[in-house]
1. Would you call SER131 among the polar types (S, T, N, Q) and buried (at least 22 other Cβ atoms within 10 Å of the Cβ)?
2. Please count how many residues of the stretch 336-359 are assigned to a loop (DSSP other than H, G, I, E, B) and either open to solvent by 30 Å² or more (accessible area, probe 1.4 Å) or at positive phi (or both).
3. Out of (1) in contact with a helix residue (DSSP H, G or I) (Cβ under 8 Å, 6 or more places away or on another chain); (2) surrounded by 23 or more Cβ atoms within 10 Å (Cβ to Cβ), the odd one out for LEU362 is which?
4. Starting from the stretch 285-300, take each residue that is aliphatic (A, V, I, L, M) and list its partners that are at pLDDT 90 or above, counting only C-beta distances under 6 angstrom and pairs at least six apart or across chains.
5. Could you go through the stretch 321-333 and let me know if any residue there is touching a residue at least 40 places away in the same chain (Cβ under 8 Å), β-branched (Val, Ile, Thr) and touching a helix residue (DSSP H, G or I) at 6+ places or on another chain (Cβ under 8 Å).
6. Out of ASP96, ASP61, ASP84, ASP54, I need the residue that is open to solvent by 70 Å² or more (accessible area, probe 1.4 Å), more than 20 Å from the chain's Cα centre (by Cα) and at pLDDT 50 or above. Which one?
7. Looking at the stretch 97-137, which of its residues are assigned to a helix (DSSP H, G or I) and free of Cβ contacts under 8 Å to residues at least 60 places away in the same chain?
8. Tell me, yes or no, whether the stretch 138-155 has at least one residue that is in a strand (DSSP E or B), buried (at least 17 other Cβ atoms within 10 Å of the Cβ) and away from the ligand (no atom under 16 Å from the Cβ).
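The values are calculated or read from the model by the stated rules, or taken from the named source; none is laboratory data. Here the structure is a predicted model, which is why all the values come from computation and not from measurement. In this analysis, Cβ positions are derived from the backbone assuming ideal geometry, glycine residues included, and neighbour counts consider all displayed protein chains. For the accessible areas, the whole protein counts, side chains as well, though only heavy atoms, and no ligand, DNA or RNA atoms are used. Shrake-Rupley method; radii C 1.70, N 1.55, O 1.52, S 1.80 Å.
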Amino acid sequence: MHSSSPGLGRLRAAVATLAVAALVFAAAGAGAQAVTTDDAFPVQLVTVDTPTRDHKDVLNDLGLDLTEHAGHDYVEVVLHSAADEEALRDSGLTWDVRIPDLMLLEARNNQVNREFSAATVTSPLPSGRDSYRRLEDYNTDLEALVDGNPGLVRPITLSRTSLEGKPIHGIEIAADVDTTEDGRPTFAMFGLHHAREWPSGEHSIEFAFDLVNGYGSDQRITDLLQRTRVIVVPVVNVDGFEKSVNDGLLVDLRELDGGGTASILGTPNNAYKRKNCRVVDGQEPLPGSCDAAKSPGSFGVGVDLNRNYGAFWGGPGASDVFADPTYRGAAHFSEPETQAVRELVASRHVTTLITNHTFSNLVLRPNGVAPDTIGPDGYPVGDAPDEQAMKDLGARMAAQNGYTNQHGWELYDTTGTTEDWSYNVTGGFGYTFEIGPDEFHPPYPEVIDEYLGAGEYAGKGNREAFLIALENAADATTHSVVAGKAPAGATLRLKRTSPTTSWDGSFQDTVDTTMTVADSRGRYTWHINPSTRPLVQARQYRVLSGEPIESAEYSGTTPPLTHTDQEFTVTHAGADALEVKLDWPTPDDMDLYVYRANADGSLTEVGSSTSFVLSKERVLVQAPDPGTYVLRVENFASATPTWTLTAGVYDMVDGTVPALIEAWTMSCEVNGDVREQKALIVDRGQRVKADFSKCRGR
Ligand SMILES: [Zn+2]
């Protein structure tokens, strides 16, 4: 069905023209090369080989611009400069170039987009839009949705302006939207935390159009808008996005025709900007300073907003170096843009949240670090307490768009992300969507296809995935409900202030929400998040028991490019694990292999650890059979370091981080006076009763 849609047909026509454009570039490019200077480095997208987790860690430590496009043995990386390329080469990692010149691609995409837009009267998107919005287009569209739909759409402006002083606008959509504080659950959708990820804003606002269009005509949407309140903030990083889209849409192949403007393609300006406009930590940027800071791609400037949220802030997968792409900021919630989202989410019961990004076709869920990561509290971080439910919902959404449903950490480690904070601190389910297969901002027809679905997903796509998420937000079995009696007109308040752990110590996090008792007979129903935060719920882990059943220690030296073997015999049957560790004092490159010695004298490898320089090596063999093992130390360094090798046979023990039970402080207020207060404990899926008989006016 989709193949006959106007979107795809026009895309094909545009692609045919593109081939001609590419030829023009090839000719002009050859001439342009001659006049470029040595520092003209084509910004490129490369696929770095990362066969092991250690490779990913090494890559993470280089401070390069990692994309969300990664598999078990690769990560795609944007190289912005010759220095980036050199850092990658020096690390010993290998890579292939996938997109040799992102600016050329940008120019081609712009050409496709111009032609698509010229040939399209109304696209199949809910808004009919046929080209990428700029910041002012978003604001105009939000305003029009409000103005055209009284009682259904109301404006929301976040509590803080951006670093450059711009308002961050959103809308709230619900039946009887102006009856705020009515106890309905909230669904929240955010776009464009990362400046260059334009489709993430497009999908967010298109979903808003979809809901508005469907209200009153589509039974499912009408029903959902009666049961929930929907908040859409399409552009969180308003400063960064404005620069990215304004510069990106400027890149034009026609500039090359006739030659002499290689600089337009050679200088990406902000087209691939990721972060916000923090130029100096702790200081508001001077006018124009964010634009003026022309590091390659202006990518060195700013804080990564999706590493700046509070829960787990400061841990793995976020950099403390300002110029790095994943710079986490000077402190948790140091940026006004993340503070603004925090204050919005913490003032509501957001029972489900989606934050949109590009690209990689992923539905990501908490947590951002692997379960065996030792967390700030000294215990393994474990899986989210609601892992099964979030995994199931993720799978239902991924069945609509064909994306991969996985944990955040399965891409690579991250800390300080939106949903790691929102889920762990509010209890509302949270997801990151990585939209699209292969580009930060692909030709616009792809944006349409990802939203409406194409091929085997035609008629589904992110539209259907978002609706399923909205249904989850409405579903009381996945959140909590408090109901009872309270005087008509009274304000009910649910508040909880508690310490959120980060890798930088803990800080106080407050969730403070209200509803108004509207019913004249004094009955209320309030859809809320559970009282106990996922952050402090019990979690299971499995670790080596304290003392080995049997063990041995060896030391020795191994000359460069040779290896040394040690034999270790496991005599104990039925042990859970054989752990072999290799340690050495200097920053050299040594690898460790563990083999089982067979009866015929041959060796079978049962484990290896081949980290890079600086990392120590560890091999864990599960359920080792009794017998002889060969432990091989290989030295790839230029020196002859002394090493220590330990082998131990262990049983594993299950551990549990004990649970806390937390309560909401629930109060009934009349004219600002607290007349009655109680502690409310409620679990997910539970409905509890709370009457406020002493809460009366005087
Ligand atoms: Zn992103």
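1. On the way: among the polar types (S, T, N, Q): yes; buried (at least 22 other Cβ atoms within 10 Å of the Cβ): no.
No.
2. Of the residues in the stretch 336-359, the ones assigned to a loop (DSSP other than H, G, I, E, B) are 346-349, 359.
Okay, now just the ones that are also either open to solvent by 30 Å² or more (accessible area, probe 1.4 Å) or at positive phi (or both), so 347-348.
Total satisfying the criteria: 2.
3. If we test LEU362 against (1) in contact with a helix residue (DSSP H, G or I) (Cβ under 8 Å, 6 or more places away or on another chain); (2) surrounded by 23 or more Cβ atoms within 10 Å (Cβ to Cβ), just (1) comes out false.
4. As it stands, the answer is ALA293/VAL279, since those pairs meet every condition given.
5. Kept after step one, since they are touching a residue at least 40 places away in the same chain (Cβ under 8 Å), are these residues of the stretch 321-333: 321-332.
Checking which are β-branched (Val, Ile, Thr) leaves us with 321, 326.
Next, from what is left, pick out any that are touching a helix residue (DSSP H, G or I) at 6+ places or on another chain (Cβ under 8 Å): 326.
Within the stretch 321-333 (the criterion being touching a residue at least 40 places away in the same chain (Cβ under 8 Å), β-branched (Val, Ile, Thr) and touching a helix residue (DSSP H, G or I) at 6+ places or on another chain (Cβ under 8 Å)), the answer is yes, since at least one residue qualifies.
6. Details: ASP61 fails: more than 20 Å from the chain's Cα centre (by Cα); ASP84 fails: open to solvent by 70 Å² or more (accessible area, probe 1.4 Å); ASP54 fails: open to solvent by 70 Å² or more (accessible area, probe 1.4 Å).
ASP96 is the lone residue from the list that is open to solvent by 70 Å² or more (accessible area, probe 1.4 Å), more than 20 Å from the chain's Cα centre (by Cα) and at pLDDT 50 or above.
7. Of all residues in the stretch 97-137, those assigned to a helix (DSSP H, G or I) come to 102-119, 135-137.
Matches in the stretch 97-137: ARG114, ALA118, GLU136, ASP137.
8. Step one: of the stretch 138-155, the residues in a strand (DSSP E or B) are 153-155.
This time we only want the ones that are buried (at least 17 other Cβ atoms within 10 Å of the Cβ), so: 153-154.
Among the residues that remain, those that are also away from the ligand (no atom under 16 Å from the Cβ) are: 153-154.
Yes, the stretch 138-155 contains a residue that is in a strand (DSSP E or B), buried (at least 17 other Cβ atoms within 10 Å of the Cβ) and away from the ligand (no atom under 16 Å from the Cβ).
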